[in-house]
There are 2 protein chains.
Amino acid sequence: MMAFSKIEQPQLFKQQVYEEIKNAIINHQILPGEPLYERNLSESLGISRTPIREAIQQLELEGWVKSIPRKGTFVNNISEKDVEEVLQLRRAIEGLVMELLIPTITDEQLEKVEQIYFSQSAQREDNKRFIAIDKDFHNYLAELSGNSRVVQLMQTISDQMRWFGIRALNQLGRAEQTLREHEMILTALKKRDLAAAKEAIFTHIEHTRIAVRKSLQT
Amino acid sequence: MMAFSKIEQPQLFKQQVYEEIKNAIINHQILPGEPLYERNLSESLGISRTPIREAIQQLELEGWVKSIPRKGTFVNNISEKDVEEVLQLRRAIEGLVMELLIPTITDEQLEKVEQIYFSQSAQREDNKRFIAIDKDFHNYLAELSGNSRVVQLMQTISDQMRWFGIRALNQLGRAEQTLREHEMILTALKKRDLAAAKEAIFTHIEHTRIAVRKSLQT
DNA sequence: CTGAGGTATATGGTATACCAGATACCTCAT
DNA sequence: ATGAGGTATCTGGTATACCATATACCTCAG
């Protein structure tokens, strides 16, 4: 018998629409306050309203848009409060990740973390890739926590960070600072030193907070 | 001009259906593995499939059910892993709540916490009400954090706790222990003592974990 | 000119029709 | 008896039709 590869079921429309719109929001192609009309999207994408409604609902549950019955759905604003909230949450979650991580991390996993760190270092000139790898770094650590709810939460947090933080890296020296801080985390992990790891991640988040706030004021 | 009261817009079907099904799951009227067929629900509830689909999607995003394309959607199981995951998350979130809470809590708010504590104490014989007030206690603390994302997360966590923990309270003396632990938290809050508050909440969660695990084994 | 009230036309909410994949069962050649 | 293959009938996915509300604009009496 031939070696057939498993046929994967086709991706549902609603999932594709969800990704598409979310990316458009994160990349600031759709701005806060702008409407998302179902019929409009339906025509643009060449599909019916049903999958679009479902994609929009998911976006609303994740806080990207706000739907007002019989008026429309609109992209939410980013306030300074949002930044504070997300970063407070991130601090707690990544602290937890460190606690769960340290007792179980293997040498192979540490190597992979280091590898991500190196590839990020190599891309320090390319802002977009740098940010993509930054996300990988934090999400991989979340995966190593072994807690699927934490992984999911961290993904949402990463997306929101990308949304309002994409310009924070343009600040002079922020990329280098990020790399130094990631290195601190990596070093602490290698030693399996929980206190140092938590301190390193907290410092990193605090500096990120400052950078993001600065970028919002401009 | 007469004093008219504002007309509130009617609740959407999908929201009602969502509540209904979620409660049925939490109260173990629908058991893990059981199917939720759209047409079936549609007939039972006397409405069309559209709002039902949207309610089911929300339930899926929150992890209550799993939808398999063209097969059906089924109530998820509760594994010990789920208990661990939720309680790990809860520990991190409620720890954060304490950190955010202590510097800002007012005397009036403290009084309200105490009031909730008293009313829970008064209902120690009525399991159902006791659990409802327990939820109020923790959710109110979350509100005082001033972080809306934390509030929402805590609500989801509370629901899941209710789902797999409803029998934990049947254990001998668990209600009294819960009350003592809540009192510890309250005392620490009154002193604005962060370290003591965190220790108290961590102890409470750890004991809850043990009780829930025991109740799952029976 | 002004503004109350009608009206056309947006919107999302809901109901319904139809499609394709999944499944169980039946049929029938072996 | 058995099992391959057809078939009826489940399922969710998608498209479409229709409804009520919300809104902007128009009309016309004053």
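The values are calculated or read from the model by the stated rules, or taken from the named source; none is laboratory data. These figures come from a predicted structure and were not determined experimentally. Cβ placement follows ideal geometry from the backbone for every residue including glycine, while neighbour counts extend to all protein chains displayed. Ligands, DNA and RNA are excluded from the accessible area calculation, which covers all protein heavy atoms including side chains. Shrake-Rupley method; radii C 1.70, N 1.55, O 1.52, S 1.80 Å.
Being within 26 Å of B:Gln160 (Cβ to Cβ), touching a residue at least 60 places away in the same chain (Cβ under 8 Å) and not charged (D, E, K, R) is the filter here, so list the residues in region B:188-218 that pass it. Answer for region B:188-218, where residues must be within 26 Å of B:Gln160 (Cβ to Cβ), touching a residue at least 60 places away in the same chain (Cβ under 8 Å) and not charged (D, E, K, R): B:Leu189, B:Ala197, B:Ile201, B:Phe202, B:Ile205, B:Thr208, B:Val212, B:Leu216. The single condition among (1) closer than 20 Å to A:Pro51 by Cβ; (2) more than 12 Å from DNA strand C (Cβ to nearest atom) that B:Glu54 does not satisfy is (2). For the residues A:Gln152, A:Gln115, the requirement of being under 26 Å from B:Glu84 (Cβ atoms) and surrounded by fewer than 19 Cβ atoms within 10 Å (Cβ to Cβ) singles out A:Gln152.
You will find that of B:Glu143, B:Glu183, the residue that is more than 19 Å from the chain's Cα centre (by Cα) and either surrounded by fewer than 15 Cβ atoms within 10 Å (Cβ to Cβ) or within 23 Å of B:Leu110 (Cβ to Cβ) (or both) is B:Glu183 and no other.
B:Leu100 meets the conditions (1) within 9 Å of chain A (Cβ to nearest Cβ); (2) open to solvent by 60 Å² or more (accessible area, probe 1.4 Å) in every case but one. The failed one is (2). Every test in (1) assigned to a helix (DSSP H, G or I); (2) out of contact with any helix residue (DSSP H, G or I) (no Cβ under 8 Å at 6 or more places or on another chain) is passed by B:Glu181 save one, and that test is (2).
Determine whether region A:70-79 contains at least one residue that is within 16 Å of DNA strand D (Cβ to nearest atom) and either among the charged types (D, E, K, R) or modelled with pLDDT under 95 (or both). Checking region A:70-79: at least one residue is within 16 Å of DNA strand D (Cβ to nearest atom) and either among the charged types (D, E, K, R) or modelled with pLDDT under 95 (or both).
Across region A:62-94, the qualifying residues are those that are among the β-branched types (Val, Ile, Thr) and more than 12 Å from every other protein chain (Cβ to nearest Cβ), and the one among them that is most open to solvent (accessible area, probe 1.4 Å) is A:Ile78. Of the residues B:Glu34, B:Glu94, only one is over 21 Å from B:Lys135 (Cβ atoms) and away from DNA strand C (no atom under 11 Å from the Cβ); which? Just one listed residue meets the conditions, B:Glu34.
How about region A:1-22: which of its residues are away from DNA strand D (no atom under 12 Å from the Cβ), open to solvent by 60 Å² or more (accessible area, probe 1.4 Å) and of a type outside the set (Phe, Trp, Tyr)? Across region A:1-22, the qualifying residues are A:Met1, A:Met2, A:Ala3, A:Ser5, A:Lys6, A:Ile7, A:Glu8, A:Glu19, A:Glu20.
For region B:48-124, list the helices (runs of 4 or more DSSP H) that sit wholly inside it and hold at least 1 residues that are outside the structural domain of B:Val17 (by TED's automatic domain parsing) and more than 30 Å from A:Pro10 (Cβ to Cβ); which are they?
Details: elements: B:49-61, B:80-101, B:107-122.
Counting at least 1 such residues, we get B:80-101, B:107-122.
Residues being under 30 Å from A:Thr187 (Cβ atoms) and among the hydrophobic types (A, V, I, L, M, F, W, C) are represented in region A:69-86 by at least one member. Only one of the numbered conditions (1) open to solvent by less than 80 Å² (accessible area, probe 1.4 Å); (2) within 16 Å of DNA strand C (Cβ to nearest atom); (3) in a helix (DSSP H, G or I) is not met by A:Ser44, and that is (1). For region A:165-179, the criterion of a residue being in the same structural domain as A:Glu125 (by TED's automatic domain parsing), buried (at least 17 other Cβ atoms within 10 Å of the Cβ) and under 30 Å from B:Leu61 (Cα atoms) is satisfied by at least one position. Taking every residue in region B:136-151 that is within 12 Å of chain A (Cβ to nearest Cβ) and assigned to a helix (DSSP H, G or I) and pairing it with any residue that is open to solvent by less than 20 Å² (accessible area, probe 1.4 Å) and of a type outside the set (A, V, I, L, M, F, W, C), at least 6 positions away or on another chain, the pairs with Cβ-Cβ distances below 6 Å are B:Arg149/A:Glu85.
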